[in-house]
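Remarks on the structure that follows.
The values are calculated or read from the model by the stated rules, or taken from the named source; none is laboratory data. Small disclaimer: the values here were computed from a predicted structure and weren't measured. Here the Cβ positions follow ideal geometry from the backbone for every residue, glycine too, while neighbour counts run over all protein chains shown. Just the protein is used for accessible areas: all its heavy atoms, side chains included, with ligands, DNA and RNA removed. Shrake-Rupley method; radii C 1.70, N 1.55, O 1.52, S 1.80 Å.
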Amino acid sequence: MATDGGSLFELVELKELLLSPGEGAEVLVRGEREPGEYRLLNLAYNHGEMEMMGGDGMMGKFSAR
Amino acid sequence: MATVAYSGSISPLPLPERLLSVEALPEPQTLRRFELSMGMAPGKGMVFLINGKAFDSERIDTQVKLNAVEDWEVANVDPDMMDHPFHLHVNPFQVIEHNGKPAPYPAWKDTVLVPAGETVRLRAHFSDFPGKSVYHCHLLGHEDLGMMGTVKIAS
Ligand SMILES: [Cu+2]
């Protein structure tokens, strides 16, 4: 429903969202399935960073399962 | 990263059809190109570059007229094929095209990921804030090793 710069004009339905460092998003998670526990997962993403540079290069890919 | 738990039920609430308007920006007066890259510098080792230059606080890289609308084509030409999230301070922008394809919906952004080998065209209206500001890669290691530039906005 919103990015790092502000609100969207209309809702965009997503199953996954890639966020790089500095990016942000506001999301609305609908609780309309069977009652229970649902995990929001941080998925792996290869951004080409070399091993030696690791640590500060975290990027998150986010998904509801 | 998190677990959502819920139980019981209520009747579903309607989602809003419209949020806030994201106004289209006027056509740009200026098109600039920024090439994100890396290289080796004698005595320094690895450096990260914008248009072939590492950051220098004494240098103005980009002169923008106050109130101008500009398109910035940010091209990731890094030979090491690393992604670079491009961040512009103070002036929000809209992504117009990604690799020549129009953005799927209008959105205000202050950071956009430019994946290895790809090009993002963004549009900003430098309307409100004269003075110096910066743009840079949002990966701290890249920014510290030079991937940053100074923009000066003046009437
Ligand atoms: Cu970078």
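Listed values, structure above:
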{"item": "Cut-off of 10 Å, at most 12 other beta carbons, DSSP loop: longest stretch of chain B lacking such GluC sites (Glu not before Pro)", "result": "B:59-155"}
{"item": "Contact order normalised by residue count of chain B, Cα under 8 Å, 6+ apart, percent", "result": "28 percent"}
{"item": "Computed helical MRE - 222 nm, chain B, DSSP H runs ≥ 4 contributing -39500 (n - 2.57), nearest 500", "result": "-500 deg cm²/dmol"}
{"item": "Cα convex hull volume per residue for region B:58-152 (Å³)", "result": "96 Å³"}
{"item": "Where only alpha carbons of region B:1-49 are counted, the Rg and the Dmax (Å)", "result": "25.0, 67"}
{"item": "Rounded to whole Hz, the Karplus (6.51, -1.76, 1.60) HN-Hα couplings of region A:19-28, x for glycine and proline", "result": "10, 8, x, x, 7, x, 8, 10, 10, 10"}
{"item": "Two-decimal Rg to Rh for the protein assembly as shown - Kirkwood Rh, Cα set", "result": "1.02"}
{"item": "Zone of B:T30's modelled label, taken as backbone nitrogen in region B:42-72 under 13 Å from a point 7 Å along Cα→Cβ", "result": "B:60-72"}
{"item": "Inter-chain Cβ neighbour average for residues B:103-111, partner chain, 10 Å", "result": "5"}
{"item": "Under the Karplus curve 6.51 cos²θ - 1.76 cosθ + 1.60, θ = phi - 60°, whole-Hz ³J(HN,Hα) for region B:46-53, x wherever Gly or Pro sits", "result": "6, 10, 10, 10, 10, 6, x, 10"}
{"item": "Anisotropy class of region B:47-99 from Cα gyration tensor, a/c 1.5 cut", "result": "oblate"}
{"item": "Antiparallel content of DSSP bridges confined to the protein assembly as shown, in %, to 5", "result": "85 percent"}
{"item": "In Å², nearest 10: area of B:V112 left accessible to a 1.4 Å probe", "result": "10 Å²"}
{"item": "Pairwise Lys count, chain B - Cα closer than 29 Å, eight or more residues apart or different chains", "result": "16"}
{"item": "Fraction of antiparallel bridges per DSSP, chain B only, in percent to nearest 5", "result": "75 percent"}
{"item": "Distance (nanometres) between label positions extended 7 Å along Cα→Cβ at B:M81 and B:M40", "result": "2.0 nm"}
{"item": "Neighbour count of at most 12 Cβ within 10 Å plus DSSP loop: longest trypsin sites (Lys or Arg not before Pro)-free window in chain B", "result": "B:60-155"}
{"item": "Cβ neighbours within 10 Å from other chains - mean over B:9-18", "result": "3"}
